[in-house]
1. I want to verify a result. In a Gaussian network model of the chain, Cα cutoff 10 Å, which of these has the top mean-square fluctuation: Glu51, Glu186, Glu163?
2. Under a 1.4 angstrom probe, counting protein chains only, how are Glu183, Glu108 ranked by accessible area, largest first?
3. Which three extents, in angstrom, do the Cα atoms of the chain have along their principal axes, listed largest first?
4. Of all the accessible heavy-atom surface of the chain, with the other protein chains kept in place and a 1.4 Å probe, what percent is carbon and sulfur?
5. Subtracting the Cα-Cα distance from 0.36 nm times the residue separation, let me have the gained length for Asn173 to Ser207 in nm, one decimal.
6. When the Debye formula is applied to the Cα atoms of region 99-160, each taken as the same point scatterer, what base-10 log of I(q)/I(0) results at q = 0.17, 0.29 Å⁻¹?
7. Mind giving me the nanometre distance, one decimal, between the label points for Glu183 and Lys10, set 7 Å out from Cα along Cα→Cβ?
8. With an 8 Å cut-off on Cα pairs and a minimum separation of 6 or more residues, tell me the relative contact order of region 203-246 in percent.
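The values are calculated or read from the model by the stated rules, or taken from the named source; none is laboratory data. The structure presented is a predicted model; accordingly, all values stated were derived computationally and were not measured. Cβ coordinates were reconstructed from backbone atoms using ideal geometry, including for glycine residues, and neighbour counts include every protein chain displayed. Note: areas computed on protein heavy atoms with side chains; ligands, DNA, RNA excluded. Shrake-Rupley method; radii C 1.70, N 1.55, O 1.52, S 1.80 Å.
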Amino acid sequence: CYYEKKIMKKLIKKFKKLFLIVLCVLVALCIFQWYEQSQDRCSITKTTFTENSLPKQFNGFTIGYLSDLNLSEKNDLTRLNSIIQDLNAKNLDMILFGGDIFNESSFENNQVSKVLKKLQSHYGKFAVLGDKDQNDSSTCSNILTEAGFEVLHNEVRNIYYKEDIIQLIGLENTGDCSGLINETNEKSYKIALIHQPDYFKEISQYSIQLQLSGHTLGGYYKIPFIGGIETKDKGKNYVNGKHTKNKTTLLISNGFNKESSENHRFLTRDEVNIITLKR
């Protein structure tokens, strides 16, 4: 018994040391992640979306998706210009913007348009307005239009590629597609572009394959197996990542830039997205 107790004490002591080492490593990794993802860096996140109903000619079609630019100073424009150069090097087929140009008030409107105009695609640039854009919708719409975007206000557009067609639905403050989907296009492959992700509950009731949203900035702090912890109005049920319901997939972008009131992220790096459609 004496030797057993002695061995047990040694094992407990070793276990405590091992636990402390592991804990220290985890804390160090967390601090490193926090620091790294709080810097003014933006990554390109690549996602492949596979769906059998995609028209054959669209197999491999690439979409550049930007959301939540949250521009607030000239340095943000420099950073945006840099990521646009990276996107243009990818030779993308289509560009989509999911809303929120400015963090608060607009500035350097002409310069913002000039920078966004540099975005290149083969089959068009389309946008919807975010909740911040709608505080000055005419100014934001003009900036996007001058940059070569078609701004969709609860509208549907046909995207023609080779000999096939898919449909793009742009929505503002609604998930109601009843006036946009009917017998003629019910079986068409459709992408819904809408700023706030929580409209997914309604969107998933329609024959829509993919919804692209932003708004939440990924919840800023992502806890594994739990998700983003900071939520917003119309961004409480779906905060970050990918979700599937009724054969519809929702993809939420973390956004290009943090809001000025936030300085840190954790496991939710600033991003723009490249989505490849596959059969």
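1. Glu163
2. Per-residue accessible area, sorted high to low, gives Glu183, Glu108.
3. 83, 44, 35
4. 51 percent
5. 10.3 nm
6. -0.56, -1.34
7. Computed distance between label sites Glu183 and Lys10 equals 8.4 nm.
8. Normalised by residue count, the contact order of region 203-246 is 35 percent.
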